[in-house]
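One structure below.
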Amino acid sequence: MAHEGTAIIISPLISLMKDQVDALQAQGIAATYINSSLSASEQKTRLADIEAGRYKFVYAAPERFESGRFMAAIKQIPIALVAFDEAHCISEWGHDFRPSYRSIIPNLQQLPNIPVTTALTATATSDVIADIQTLLQIDSEHVIKTGFERDNLAFHIVKGKNKPTYVQSFLTEHPEESGIIYTATRKQADTLKDQLEKRGFSVAKYHAGLTEDERKQAQAAFIHDDKTIMIATNAFGMGIDKPDVRFIIHYAMPMTIEAYYQEAGRAGRDGDHSDCILLFSPQDVQLQKFLIEQSVLDDEKKQHEYQKLQAMINYCHTQGCLTDYILDYFHDEVSGGKNCGRCSNCRQLQERVDITEEAQMILSCVKRMDERFGISMTAKVLKGSRDNRIRQFGLTKLSTFGILSAYTEKAIAERIQFLVAERLLATRDGKYPTLQLNQYSVDVLTGKHPVFMYTAPIPEREQADYQEDLFASLRNLRRTMADEQGVPPYVLFNDATLKEISRYLPETKEAMLTIKGVGDKKYEQYGEAFLEAVQAWLKTHPDVKKPVRVTSHQPSPPKQEKQADERPSHVISYTMFQSGKSIQEIALIRDMTSQTVESHLFKAFKDGHPIAWEIFFNTDAEAAILTARHNTDEPKLKPLKEMLSDTYDYTTIKAVLVKNGFM
């Protein structure tokens, strides 16, 4: 915003563009997007507006840069910056490499005078950073690392649990909380969705096997809080900027730390505490190895993927701080090197078990097997398996054969994986990594290094420090207002803001403006309705004591050059409308969106002020909309709009409903 000209944001997903443009427009910032979801006429209109310099931000999909019309349009305007969002998609070493993203670069070189080129990503290893630097010609002194740590996220590893049962228990413990459950396959997503739906949970599903319309409907239901839980494969999520996701559950282990942290990072974007839980089973490893082998990667890149898979496996078996493990993986020097105090390992919510003796037996067996075999064969020898391969290699003669026969092979393999994760045992990389001793192994064998393991329970829900019934009421109000405006609920206020309102219970405009997330602009657009809700709640709860604020957040100082108008905001808009100004003119003068002005006019009507409805609709339109409402099973705004298709816009539909007392 500090530079003159237009910012061009290159975004890999259509959903990301729409959400971000909606949020910018709600703040009164001129923004648009160009992608394949628009009709030819819509694209033509927007390109003309871009050439006229009417936008501060333009979001574009990678393929737009292959369009001569789009390139011609942006050549006509001064460019403030070009930004690659989700920049790891550029790098062939990234976990979500997209060749179409990389092919933009030659076309960008055709644009004159790009003052700033920026690449933004939350998950980039050293290899990915180096690749991006080379492609975009970014010097090392211009690489900024703000740190990978998200200090409101608590990471958990769960092993040895029945996954469907665990998920059902967790959801029961965390009712009404929004979350995403990632599955490894479409079949897993379908099965889990059916199981949870039968038990009364509010769930949607999203994967590549669904039609485009089905995926759009599922995504919209989740974003607009019509569905609380999304069950999805990794096809869902990048660019989904829903701030109040309280948990991410991985139903199976992802292939890489980068992919895991990218997906887990979709939780808690409003800054509130959120849980990231990985449900691990040994079968997950075999599935990921199968996917690597079935890929079209050359041998070098497959070897690279196996290295990253081993790091992911180690994460699932470490007993150290989970957050620090991730930060160390990304070579994070800003926030790494300390225990987080939040993850399941740090909090030691588990039962602590001394396995030093078992560890010594395992390491001794690896040595006697000449460090030539992997985890599975070693576990079989320790168990005393009669597998043909054990006999063929003469391993039944070893003194360690059957020494851990009281354990299952699965339990033995888990302990071996744990030793690898703790670097008490090493592996050679590859599809079938073999085990090797190291110096730490010697320390365990000689008794210098004791070894402990833990098991984890379901994370408990944090105790609320706000009025939960008021918070629920404010969320319902937010959802109703968001539906009326056709935007996601978080565009109005996110959950963190609603919780702070429910905590400090503001009764005046001045008090409301001290709430984090409520500025002059947001209050002008939405604040009065929420203030009235708090005031109504306080009347029914007269004995509630307000907590003392300890934050230094203060409202923005009033603009001195304007005389304060003490009338309610909706009355001001209504008066301007009655004087002959159009909705668009009022929006421009008052620096707010047209949807907000419409809401003001409809609120004025509800307060008893007359409106000339013929400005909004004729008798035929009114009859058609009322008929459609009568015939729909779900008389909400969005289903009604879908039934009426493109014949009538949201404004016309809302106007008819307001006039007839349905809104």
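The values are calculated or read from the model by the stated rules, or taken from the named source; none is laboratory data. None of the values given here were measured: they were computed from a predicted structure. Reconstructed Cβ throughout: ideal geometry from the backbone, glycine too, with neighbour counts over all protein chains shown.
On the basis of being more than 31 Å from the chain's Cα centre (by Cα), assigned by TED's automatic domain parsing to the domain that holds Ile29 and under 30 Å from Val143 (Cβ atoms), does Ile90 make the cut?
On the way: more than 31 Å from the chain's Cα centre (by Cα): no; assigned by TED's automatic domain parsing to the domain that holds Ile29: yes; under 30 Å from Val143 (Cβ atoms): yes.
It is false that Ile90 is more than 31 Å from the chain's Cα centre (by Cα), assigned by TED's automatic domain parsing to the domain that holds Ile29 and under 30 Å from Val143 (Cβ atoms).
Do we have Glu141 as modelled with pLDDT under 90 and assigned to a loop (DSSP other than H, G, I, E, B) here?
Numbers: modelled with pLDDT under 90: yes; assigned to a loop (DSSP other than H, G, I, E, B): no.
Answer is no for this residue.
What number of residues within segment 500-550 satisfy the criterion of being closer than 30 Å to Phe247 by Cβ, at pLDDT 90 or above and of a type in the set (Lys, Arg)?
Total satisfying the criteria: 0.
Say we look at segment 63-95 and pick out the residues that are in contact with a Ser or Thr (Cβ under 9 Å, 6 or more places away or on another chain) and among the acidic types (Asp, Glu); which of these is modelled with the lowest pLDDT?
Here the answer is Glu86.
Checking Phe530 against (1) closer than 17 Å to Ser599 by Cα; (2) in contact with a Pro (Cβ under 6 Å, 6 or more places away or on another chain), which single condition isn't satisfied?
(2)
So which of Ala40, Ala7, Ala23, Ala30 is under 20 Å from Ala587 (Cα atoms) and modelled with pLDDT of 85 or more? Step through it out loud before you land on a result.
Working: Ala40 fails: under 20 Å from Ala587 (Cα atoms); Ala7 fails: under 20 Å from Ala587 (Cα atoms); Ala23 fails: modelled with pLDDT of 85 or more.
That would be Ala30, the only listed residue that is under 20 Å from Ala587 (Cα atoms) and modelled with pLDDT of 85 or more.
Among the residues of segment 330-338, is there at least one that is within 26 Å of Thr233 (Cβ to Cβ) and free of Cβ contacts under 8 Å to residues at least 12 places away in the same chain? Give the derivation first.
Step one: list which residues in segment 330-338 are within 26 Å of Thr233 (Cβ to Cβ), which gives 330.
Within this subset, residues satisfying the condition of being free of Cβ contacts under 8 Å to residues at least 12 places away in the same chain are none.
No, segment 330-338 contains no residue that is within 26 Å of Thr233 (Cβ to Cβ) and free of Cβ contacts under 8 Å to residues at least 12 places away in the same chain.
With the checklist (1) at pLDDT 75 or above; (2) in the same structural domain as Met481 (by TED's automatic domain parsing) in hand, flag the one item His553 doesn't pass.
Of (1) at pLDDT 75 or above; (2) in the same structural domain as Met481 (by TED's automatic domain parsing), only one is false for His553: (1).
Can you run down the residue pairs with Cβ atoms below 9 Å, 6 or more apart or on separate chains, where the first is in segment 231-245 and of a type in the set (Val, Ile, Thr) and the partner is modelled with pLDDT under 85 and surrounded by fewer than 19 Cβ atoms within 10 Å (Cβ to Cβ)?
Ile240/Leu13
Quick one: Val296 ticks every box in (1) of a type in the set (A, V, I, L, M, F, W, C); (2) without any contact (Cβ under 8 Å) to a residue 60 or more places away in the chain; (3) surrounded by fewer than 21 Cβ atoms within 10 Å (Cβ to Cβ); (4) assigned to a helix (DSSP H, G or I) except a single one, so which number is it?
Answer for Val296: the failing condition is (4).
Checking the structure you have, find out if any residue of segment 458-480 is closer than 24 Å to Phe662 by Cα, β-branched (Val, Ile, Thr), modelled with pLDDT under 90 and not assigned by TED's automatic domain parsing to the domain that holds Gln217.
yes
Does Arg64 qualify as being under 30 Å from Ser344 (Cβ atoms) and buried (at least 20 other Cβ atoms within 10 Å of the Cβ)?
Criteria not met by Arg64.
Would you check which residues across segment 390-425 are over 47 Å from the mean Cα position of the chain (by Cα) and surrounded by fewer than 14 Cβ atoms within 10 Å (Cβ to Cβ) and list them?
Result: Arg391, Gln392, Gly394, Lys397, Ser399.
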